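Chemist: Have a look at this one before I ask anything.
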Amino acid sequence: MSGAGGRAVTPITKLLVANRGEIARRVVHTARRLSIPTVAVHSDADAGAPHVREADEAVRLPGVSAAETYLDIDRMLGAALATGATAVHPGYGFLSENAAFARACEDAGLVFIGPPSAAIEAMASKVAAKQRMAAAGVPVLESAEVDSAEEVATAGRRLGWPLLVKAAFGGGGRGMRVVASAAEAAAAFEAARGEAVSAFGDGTLFVERFVVSPRHVEVQVFGDHHGTVVHLFERECSIQRRYQKIIEECPSPAVDESLREALGKAAVAAAAAIGYVGAGTVEFVLDRDGQFFFLEVNTRLQVEHPVTEAVTGLDLVALQLAVAAGEPLPPEARTAELRGHAIEARLYAEDVAAGFLPVSGTVERFEVPAGLDLRVDRGVEAGSVVSTYYDAMLAKVIARAPTRALAARRLSDALRRARLHGVTTNRDLLVGVLEHPEFLEGRTDTGFLDRHDPAALSHRPAAGVRRLHAAAAVLAASAARLGSRTVQPAVPPGWRNVGEGWQSTVLADTDGPIEVAHRYAGPGRAGTAGEGFAGPATAAPVEVTVEVTVEGERLVGRVPAATPDEVVLERDGVAHRVVVAWYGSEAWVDGPLGASRFTEVPRFAEPGPAVAAGSLLAPMPGSVARVLAAPGDRVSEGQVLVVLEAMKMEHSVRSPRAGTLDQVLVSPGAQVEAGAVLAVVGAASGGGPDGDGEAE
Amino acid sequence: MILHSSIDPHGPEFAANRQAQLELLAAHEAQVALACEGGGAAYRERHRRRGRLLTRERIELLVDRDTAFLELSPLAAWGTDFHVGGSVVTGIGVVSEVECVLIAHDPTVRGGAMNPYSLRKILRALEIARCNRLPVVNLVESGGADLPTQADLFVPAGQIFRDLTQLSALGIPTVALVFGNSTAGGAYVPGMCDYAVLVDRAAKVFLGGPPLVKMATGEDADDEELGGAAMHSRVSGLSDYFALDEPDCIRIGRQVVESLNWRKLGPGPRTADPEAPRYDPEELLGVVSADLRVPFDPREVLARVVDGSAFDEYKPEWGSSLVTGFASIHGYPVGVLANARGVLFNEEGKKGAEFILLANQVDTPLVFLHNTTGYMVGRQYEQAGMVKDGAKMINAVANSSVPHLSVIMGASYGAGNYGMCGRAYDPRFLFTWPGAKVAVMGPQQLAGVLSIVARQSAEAAGRPFDEAADAEGRSRVEAQIERESHAFFMTGRLYDDGIIDPRHTRTVLGIALSAVDGAPVAGRRGFGVFRM
């Protein structure tokens, strides 16, 4: 598809990376390899982030919210001009598909690493995009714009149920509703329109046939300024939660050679139809019969681009830079071949069991095995603070192997061995999916996580391993205490001349409390011999003679070594090496049999200021979207009083009881931590203060 | 130099010794179990049903995790009419990284009421706190005096309150955690302590309860008004901290100790990471014979007790029945005096005195390992000045001002007990091995002496000597002395600070040395070391 003419080559001399996190690092990495100086931008929250350190220069974007920083076109241009950057890489998200930004760059004489603004605009409206694709001969799902619930019902009769109602300018699952029958049309229409207006400022909706058990298959395309458009094979991204991809792979297990050719041809046709230049992705929905329909074109580098890189050996960012500079696509891109199989998993800071609630906090440790066939693109490191301001993705882990089965095994093994401390992640779910028989058979469709309860799917250490981990956590804490003794440092630990001296520690995890009792043994105590454990458990591992029971059951035979961060437990003649890290009252335990996380239940409860009865607590960290009542209002039990927004989701916080709203402690826009008191509802009876003293 | 052991741990003698020691330990363990039982299962259950912690549970919660607790005199009152243990638990524990003397009533034994043995045990604990500058934490729940024994108790018990406030005057903090009854005289425990923490709806601190008040003044008042935690925390001010429940009380107690900003005044150990002995302490059970007439080499004990089995022996070739020298235990330097072959001759008396002076010169604590039948008797020795030579050693030990620790391994008879720093010479700590015997002399010797005296008396009076009666009398006296010199008997009377498992000797001495390090370690000065 080589066209005539083309642009003169204008090398990029300095690149501004208009993004954050792992994608900013990833772009800087390639720029460095190509000896292009880089400029990072950062919000105040990201001042110490790795992407800022790794770039040659950094420009502060004052503020923390995305709107005042990474989404602010004027500031972004200002940063580029101030540093003398000649090109801007937008990454994904933020301004990457913002036609106004692309045009502003063009107007300012900056090279925008992406398609021309016209191509972005052409694809921004899904309805218009589809019409153009249909005209270009790309298979599309028939759809219609709807202005009322009646029109939804009419469309259903024409196209067949179920239908999908979508926002024309939407994405990410917002403004989207499945309608099973005409009876649901009104509710779905109103809900979708409301979300579309609030999220995208445009209430335009359309409907299309809803494909049951579809696969999400997309094709990577690349165009240059010389009229060449190629495809770099497909990716399958069907494993999604809440319309967000979490596992992606290349090639798709559902695509054979002839289908691949058809998909590629359609994708290239689609790109050519809009004069596409740069990296783009044409998304299709693939049904059970191998029929595919155009969904949309993403005019940016995709999050999941590394799987394509892994199987083609190409550097897509390098290609983007070359194309943006006006170079023709190199031969290796035009004749790319599929070699092996690659799978990517996205690690998110989120609580799967709580319905994928985003989690904030400090990353205490972030170690993922990396190697020849294991790539880790990460935006965080130990000490990073995960906030609610930005996307909660921590890293992408990509495994490559000659076969899909080995790639899956390699990836799940790397995830199992990763040490991820400080914030809850979806790691267990990823492992659960990657090891699931259906996944391994390639039976992946977008309903995978609807069929399989994510919480149940999450790989959890077996009960026996959990007990072992609890014991290890307690022994590591004990070793740390022993190593830092200031009095009687040479006295055998926990020594008693009378009594048994069992010490109880209560840990808790999501499965509930777990009690570990331990005692050190020595001469004169039943069943033990030798004073070999005497002396402080300092840096050198000491063989400890210790008895451990968990939930009253004797667990450990021998403890060949116990240090504050590593414990070897021997059980039934088999030694288990477990690594432990304590952060305050939290223990994170990793071993070959899985990872556990415990919180120590304090020996003594601090009777601090208890939460007054009738308090509304934030169920998660986020920002206050709306406060729906005022102090003095009579409220009923279950009435929504505060709406929190976190990670694109709105959460209603309801009154715990009927009564009078005594206090409202937050206002819209406020950032709150999980567990923060938002408001207090006084008892309906109007009696005295509740819960005086001991009950709390 | 490094000690070398010459015992054969696989030989028959070792096995027999070990067997005998294990039997003694089992007998001791059975008595300790009785003490731990407290007032028995029924009373323990009743106590628990009231939502309260047992005495030793309170202690386990109070002390720092993974630290040691050295319980003192667990068999107090053994062999008396009172419950073994004396209805109180005392010991040395680490609270918020501070070594403290803990005194905890056992309310399951007659409501924690105090008898004459409880009193001795408490006073001994307070003495240990004073000599070694250890803060005191009282875990109070006691019905006060065991009234039937008040004649032996009431007058001397006043010393408890005097001691508490004198400790305070010496700069040694005192804390009372009040879990329950602390009434009448007992009210002065929180009253005299520097800090008092009272548990809500459990502590009862008053001079007179409702019936007494009714009788005295006709006033109607309830427990809470007269002495509850809420009243004392908010009205009288006797309680400094109001505890919601027992764990909260212990939490506050730990916080109080943490805030003491406590510093020990001793020189500290030379290393926090001392070398372990080169021989297994387990083998100590095979060193000592059950028959105390069979001597053993105390160097075999030292090889299993001191750091790295290293012992710098002083005057090894002179006065060899008393082994003297320098070593360290848990990093603390010590001078050691240990009996070998039982008898102390003239040279041993002089050597002991000289060595004690040397230890004072260099401010080094002394460890006495007893196994002595006393100073030698007989014409030759008396004429050589045995009394004067024994007196030298007793003089030196009595006036020595470095800390003394005594361990009675075997026999401790006669003036040998005095010269080796027996109870009357105020060792900072004195522990006994379970087979030890303490008396004026051995049972056979004592019975024999009585018999000879009786025979001489009969001869002098011209009476016929009844051989049968003498034999019967000898065996009766022998049995009596055997019983009264038994380690359980001695420990029951608080003549030591407890019987210890010989294998624990190093650990117990290590804890004791750490405790004595609370006070300055300063030897007696004034004269040079006499060369005797």
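Chemist: Does residue B:338 fit the bill of being within 22 Å of residue B:530 (Cα to Cα), part of a helix (DSSP H, G or I) and under 27 Å from the mean Cα position of the chain (by Cα)?
Modeler: On the way: within 22 Å of residue B:530 (Cα to Cα): yes; part of a helix (DSSP H, G or I): no; under 27 Å from the mean Cα position of the chain (by Cα): yes.
Considered against the rule, which asks whether it is within 22 Å of residue B:530 (Cα to Cα), part of a helix (DSSP H, G or I) and under 27 Å from the mean Cα position of the chain (by Cα), residue B:338 comes out as no.
Chemist: Just for segment B:272-312: of the residues that are among the small types (Gly, Ala, Ser) and more than 21 Å from residue B:408 (Cβ to Cβ), which one is surrounded by the most Cβ atoms within 10 Å (Cβ to Cβ)?
Modeler: Residues of segment B:272-312 among the small types (Gly, Ala, Ser): B:272, B:276, B:286, B:289-290, B:303, B:308-310.
From what is left, the residues that are more than 21 Å from residue B:408 (Cβ to Cβ) are B:272, B:276, B:308-310.
Values: B:272: 16, B:276: 16, B:308: 15, B:309: 21, B:310: 18.
Among residues in segment B:272-312 that are among the small types (Gly, Ala, Ser) and more than 21 Å from residue B:408 (Cβ to Cβ), the one surrounded by the most Cβ atoms within 10 Å (Cβ to Cβ) is B:309.
Chemist: When you scan segment A:361-384, how many residues do you find that are aliphatic (A, V, I, L, M), in contact with a strand residue (DSSP E or B) (Cβ under 7 Å, 6 or more places away or on another chain) and surrounded by fewer than 16 Cβ atoms within 10 Å (Cβ to Cβ)?
Modeler: Here is the first cut: in segment A:361-384, the residues aliphatic (A, V, I, L, M) are A:363, A:368, A:370, A:372, A:374, A:376, A:380, A:382.
After this cut, where a residue has to be in contact with a strand residue (DSSP E or B) (Cβ under 7 Å, 6 or more places away or on another chain) as well, the list is A:363, A:368, A:370, A:374, A:376, A:380, A:382.
Narrowing the set further to residues that are surrounded by fewer than 16 Cβ atoms within 10 Å (Cβ to Cβ) leaves A:370, A:382.
Residues flagged as aliphatic (A, V, I, L, M), in contact with a strand residue (DSSP E or B) (Cβ under 7 Å, 6 or more places away or on another chain) and surrounded by fewer than 16 Cβ atoms within 10 Å (Cβ to Cβ) within segment A:361-384 amount to 2.
Chemist: Kindly indicate whether any position in segment B:191-211 is assigned to a helix (DSSP H, G or I), closer than 26 Å to residue B:133 by Cα and free of Cβ contacts under 8 Å to residues at least 60 places away in the same chain.
Modeler: Residues of segment B:191-211 that are assigned to a helix (DSSP H, G or I), as a first pass: B:191-192, B:210-211.
This time we only want the ones that are closer than 26 Å to residue B:133 by Cα, so: B:191-192.
Keeping just the survivors that are free of Cβ contacts under 8 Å to residues at least 60 places away in the same chain gives B:191-192.
There is at least one residue in segment B:191-211 that is assigned to a helix (DSSP H, G or I), closer than 26 Å to residue B:133 by Cα and free of Cβ contacts under 8 Å to residues at least 60 places away in the same chain.
Chemist: Restricting attention to segment A:500-517, and to residues there that are surrounded by 17 or more Cβ atoms within 10 Å (Cβ to Cβ) and without any contact (Cβ under 8 Å) to a residue 60 or more places away in the chain, which single residue is nearest to the other protein chains (Cβ to nearest Cβ)?
Modeler: Going through the qualifying residues, I end up with A:503.
Chemist: I'd like the residue in segment A:652-684 that is among the polar types (S, T, N, Q) and part of a strand (DSSP E or B) and, out of all such residues, is farthest from residue A:386 (Cα to Cα). Quick ask: steps written out before the conclusion?
Modeler: Taking segment A:652-684 as the starting set, the residues that turn out to be among the polar types (S, T, N, Q) are A:652, A:655, A:660, A:663, A:667, A:671.
Adding the requirement that they be part of a strand (DSSP E or B) leaves A:652, A:660, A:663, A:671.
Details: A:652: 23, A:660: 36, A:663: 30, A:671: 14 Å.
In this case the residue turns out to be A:660.
Chemist: If you don't mind, there's one more thing I want to ask. Answer yes or no: is there a residue in segment B:33-47 that is among the acidic types (Asp, Glu), within 14 Å of chain A (Cβ to nearest Cβ) and either crowded, with 21+ Cβ neighbours inside 10 Å or in contact (Cβ under 8 Å) with a residue 40 or more places away in the chain (or both).
Modeler: Checking segment B:33-47: not a single residue is among the acidic types (Asp, Glu), within 14 Å of chain A (Cβ to nearest Cβ) and either crowded, with 21+ Cβ neighbours inside 10 Å or in contact (Cβ under 8 Å) with a residue 40 or more places away in the chain (or both).
Chemist: Right, another one. Kindly establish whether residue A:238 is in the same structural domain as residue A:271 (by TED's automatic domain parsing), crowded, with 24+ Cβ neighbours inside 10 Å and not in a loop (DSSP other than H, G, I, E, B). Break it down stepwise before answering.
Modeler: On the way: in the same structural domain as residue A:271 (by TED's automatic domain parsing): yes; crowded, with 24+ Cβ neighbours inside 10 Å: yes; not in a loop (DSSP other than H, G, I, E, B): yes.
The answer is yes for residue A:238.
Chemist: In addition: Residue B:75: surrounded by fewer than 22 Cβ atoms within 10 Å (Cβ to Cβ) and more than 9 Å from chain A (Cβ to nearest Cβ), yes or no?
Modeler: Values: surrounded by fewer than 22 Cβ atoms within 10 Å (Cβ to Cβ): no; more than 9 Å from chain A (Cβ to nearest Cβ): yes.
No.
Chemist: Which condition number in (1) of a type in the set (A, V, I, L, M, F, W, C); (2) farther than 23 Å from residue B:46 by Cβ; (3) buried (at least 23 other Cβ atoms within 10 Å of the Cβ) is the one that residue B:109 fails?
Modeler: So residue B:109 meets the others, but not (2).
Chemist: Please find, among A:335, A:362, A:312, A:308, the residue that is without any contact (Cβ under 8 Å) to a residue 12 or more places away in the chain and of a type in the set (S, T, N, Q).
Modeler: Details: A:362 fails: without any contact (Cβ under 8 Å) to a residue 12 or more places away in the chain; A:312 fails: without any contact (Cβ under 8 Å) to a residue 12 or more places away in the chain; A:308 fails: without any contact (Cβ under 8 Å) to a residue 12 or more places away in the chain.
None of the other options fit; the residue is A:335.
Chemist: With respect to residue B:69, determine if the residue is farther than 30 Å from residue B:134 by Cα, among the aromatic types (Phe, Trp, Tyr) and either within 12 Å of another protein chain (Cβ to nearest Cβ) or surrounded by fewer than 18 Cβ atoms within 10 Å (Cβ to Cβ) (or both). Reasoning before the result, please.
Modeler: Values: farther than 30 Å from residue B:134 by Cα: no; among the aromatic types (Phe, Trp, Tyr): yes; either within 12 Å of another protein chain (Cβ to nearest Cβ) or surrounded by fewer than 18 Cβ atoms within 10 Å (Cβ to Cβ) (or both): yes.
Answer is no for this residue.
Chemist: Out of segment A:625-651, which residues are out of contact with any Asp or Glu (no Cβ under 8 Å at 6 or more places or on another chain) and in a strand (DSSP E or B)? Lay out the reasoning, then the answer.
Modeler: The first filter runs over segment A:625-651 and keeps only residues out of contact with any Asp or Glu (no Cβ under 8 Å at 6 or more places or on another chain), leaving A:626-630, A:632-642, A:645-646, A:648-650.
Across segment A:625-651, the qualifying residues are A:626, A:627, A:634, A:635, A:640, A:641, A:642, A:645, A:646, A:649, A:650.
Chemist: Now for a different question. Which residue, of B:402, B:387, B:397, is in contact (Cβ under 8 Å) with a residue 40 or more places away in the chain, assigned to a helix (DSSP H, G or I) and more than 17 Å from residue B:498 (Cα to Cα)?
Modeler: On the way: B:402 fails: assigned to a helix (DSSP H, G or I); B:387 fails: in contact (Cβ under 8 Å) with a residue 40 or more places away in the chain.
Of the residues listed, the single one that is in contact (Cβ under 8 Å) with a residue 40 or more places away in the chain, assigned to a helix (DSSP H, G or I) and more than 17 Å from residue B:498 (Cα to Cα) is B:397.
Chemist: In addition: Of all residues in segment A:475-499, how many are in contact with a Leu (Cβ under 7 Å, 6 or more places away or on another chain) and crowded, with 24+ Cβ neighbours inside 10 Å? Let's see the steps before the verdict.
Modeler: Residues of segment A:475-499 in contact with a Leu (Cβ under 7 Å, 6 or more places away or on another chain): A:493, A:497.
So of that shortlist, the ones also crowded, with 24+ Cβ neighbours inside 10 Å come out as A:493.
Number satisfying all stated conditions: 1.
Chemist: Additional query: Just the residues that are surrounded by 15 or more Cβ atoms within 10 Å (Cβ to Cβ), more than 9 Å from chain A (Cβ to nearest Cβ) and acidic (Asp, Glu), please, taken from segment B:463-519.
Modeler: B:470, B:478, B:482, B:484, B:496, B:497, B:517
Chemist: Does residue A:92 count as in contact (Cβ under 8 Å) with a residue 12 or more places away in the chain, in a loop (DSSP other than H, G, I, E, B) and within 25 Å of residue A:226 (Cα to Cα)?
Modeler: Values: in contact (Cβ under 8 Å) with a residue 12 or more places away in the chain: yes; in a loop (DSSP other than H, G, I, E, B): yes; within 25 Å of residue A:226 (Cα to Cα): yes.
Judged against the criteria, residue A:92 is a match.
The rows are residues; the columns are (1) out of contact with any helix residue (DSSP H, G or I) (no Cβ under 9 Å at 6 or more places or on another chain); (2) buried (at least 19 other Cβ atoms within 10 Å of the Cβ).
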site: A:48; (1), (2): yes, no
site: A:62; (1), (2): no, no
site: A:77; (1), (2): no, yes
site: A:82; (1), (2): yes, no
site: A:104; (1), (2): no, yes
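A quick yes/no check of all residues on (1) free of Cβ contacts under 8 Å to residues at least 60 places away in the same chain; (2) under 30 Å from residue A:444 (Cβ atoms); (3) outside any helix (DSSP H, G or I); (4) among the basic types (Lys, Arg):
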| site | (1), (2), (3), (4) |
| --- | --- |
| A:145 | no, no, yes, no |
| A:150 | yes, no, no, no |
| A:156 | yes, yes, no, no |
| A:164 | yes, yes, yes, no |
| A:169 | yes, yes, yes, no |
| A:174 | no, yes, yes, yes |
| A:178 | yes, yes, yes, no |
| A:190 | yes, no, no, no |
| A:198 | yes, no, no, no |
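Chemist: Take segment B:271-292 and flag every residue that is part of a loop (DSSP other than H, G, I, E, B) and within 11 Å of chain A (Cβ to nearest Cβ). Lay out the reasoning, then the answer.
Modeler: We begin by selecting, within segment B:271-292, every residue part of a loop (DSSP other than H, G, I, E, B); these are B:271-280, B:287-292.
Within segment B:271-292, B:271, B:272, B:273, B:274, B:275, B:276, B:277, B:279, B:280 qualify.
Chemist: It is to be established whether one or more residues within segment A:582-598 are assigned to a loop (DSSP other than H, G, I, E, B), in contact (Cβ under 8 Å) with a residue 60 or more places away in the chain and buried (at least 21 other Cβ atoms within 10 Å of the Cβ). Even if it seems obvious, please write down each step before you answer.
Modeler: Going through segment A:582-598, the residues assigned to a loop (DSSP other than H, G, I, E, B) turn out to be A:584-585, A:592-593.
If we keep only those that are in contact (Cβ under 8 Å) with a residue 60 or more places away in the chain as well, we get A:592-593.
Then drop every residue that is not buried (at least 21 other Cβ atoms within 10 Å of the Cβ), which leaves none.
Scanning segment A:582-598 turns up no residue that is assigned to a loop (DSSP other than H, G, I, E, B), in contact (Cβ under 8 Å) with a residue 60 or more places away in the chain and buried (at least 21 other Cβ atoms within 10 Å of the Cβ).
Chemist: Give the number of residues within segment A:454-487 that are closer than 26 Å to residue A:584 by Cβ, free of Cβ contacts under 8 Å to residues at least 12 places away in the same chain and not aliphatic (A, V, I, L, M).
Modeler: Total meeting the criteria: 3.
Chemist: Also: Keeping to segment A:106-151, report how many residues are under 33 Å from the mean Cα position of the chain (by Cα), small (Gly, Ala, Ser) and either modelled with pLDDT of 85 or more or crowded, with 16+ Cβ neighbours inside 10 Å (or both).
Modeler: 9
The values are calculated or read from the model by the stated rules, or taken from the named source; none is laboratory data. Everything quoted here is computed from the prediction, not taken from an experiment. All Cβ positions, glycine included, derive from the backbone under ideal geometry; neighbour counts span all protein chains shown.
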